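The values are calculated or read from the model by the stated rules, or taken from the named source; none is laboratory data. All values reported here derive from a predicted model rather than from experimental measurement. Cβ coordinates were reconstructed from backbone atoms using ideal geometry, including for glycine residues, and neighbour counts include every protein chain displayed. SASA here: full protein model, heavy atoms, side chains in, ligands and nucleic acids out. Shrake-Rupley method; radii C 1.70, N 1.55, O 1.52, S 1.80 Å.
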Amino acid sequence: MIEVDDGEGIRTILLDRPTRRNALTPDGLEALESAVAETPHSVIFLEGAGPAFCAGADLDVVAGLDRDGAEAFARLGQRVANAIADSDAVVVAGIDGPARGGGLELALACDIRVGTPEATLGEPGVTFGLFGAWGGTVRLPRIVGEGVALELACTGRVLEAEEALQAGLLSRLEDEPRTVAETIVEYPTDTLAVLQSRIRDRADRATQEEREALAFGALVESHGEAIARRFG
């Protein structure tokens with residue numbers, strides 16, 4: 001269900017259940033969490049097999065859960081999404097085809113979401129009495145704003161690639177999303193780590209600015225000679 005391929009600086013994680021549009025069971029989520037957590041690489045590229053990115057939770061599994069089981073499944077999905085969001089690696093989602101429900105939530109947890117022109121994104125849970133419980137109600141309004149988040153969640157509307165790009169659900173469109181991961185992996189690992197920590201920082205502005213200045217000074221000290229050779 002989860003295939004891992006380690007290349008030059010990039011760990012590729014493939015959601016490999018195409019006959020179910022890569023829908024995730026608890027076992028699949030745990031395997032995904034391990035694949036994200038155990039990587040030594042600076043970049044992770046997450047993609048789906050076949051014509052979909054990910055349909056989210058396997059609804060056959062969900063339909064068989066009692067209340068306690070459903071809560072546990074939600075917490076597991078949240079844990080996996082948080083592992084993606086908190087990873088030291090830059091996580092790039094390559095979205096080709098549908099990303100629905102939990103699949104959208106996993107994509108929202110990634111640092112960068114690159115869609116092909118065939119990408120479609122949506123949270124259809126409301127149409128059958130559910131909603132995205134893998135952190136979707138937290139991340140969606142942060143990314144697209146409260147008004148758009150409510151409209152998408154309450155209508156179940158699916159966005160085509162161009163509209164998803166305009167809404168902020170996608171970072172950019174590319175015929176080959178992997179090229180973005182291949183560009184990022186060429187840059188210094190310590191700089192990528194600083195960028196992640198600074199942009200993710202939720203502290204007050206003064207604290208953020210102090211941390212920003214300290215990090216900038218450390219990077220100049222580390223890369224000063226290279227900068228001088230290039231621009232001096």
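Looking only at region 26-48, count every residue that is part of a loop (DSSP other than H, G, I, E, B) and crowded, with 17+ Cβ neighbours inside 10 Å and tell me the total. It would help to see each step written out before you state the result.
Taking region 26-48 and keeping what is part of a loop (DSSP other than H, G, I, E, B), we get 38-42.
So of that shortlist, the ones also crowded, with 17+ Cβ neighbours inside 10 Å come out as 39, 41-42.
Qualifying residue count, region 26-48: 3.
Is it the case that region 122-130 has a residue that's of a type in the set (A, V, I, L, M), buried (at least 19 other Cβ atoms within 10 Å of the Cβ) and within 15 Å of Ala57 (Cβ to Cβ)? Before you say what the answer is, go through the steps one by one.
The first filter runs over region 122-130 and keeps only residues of a type in the set (A, V, I, L, M), leaving 126, 130.
Pick out the ones that are also buried (at least 19 other Cβ atoms within 10 Å of the Cβ) and you get none.
Checked against the condition, which is being of a type in the set (A, V, I, L, M), buried (at least 19 other Cβ atoms within 10 Å of the Cβ) and within 15 Å of Ala57 (Cβ to Cβ), region 122-130 yields no hits at all.
Scan region 134-148 for residues that are open to solvent by 30 Å² or more (accessible area, probe 1.4 Å) and under 24 Å from Val90 (Cα atoms) and jot them down.
Keep residues of region 134-148 that are open to solvent by 30 Å² or more (accessible area, probe 1.4 Å), which gives 137-139, 141-143, 146-148.
Hits for region 134-148 are Thr137, Val138, Arg139, Pro141, Arg142, Ile143.
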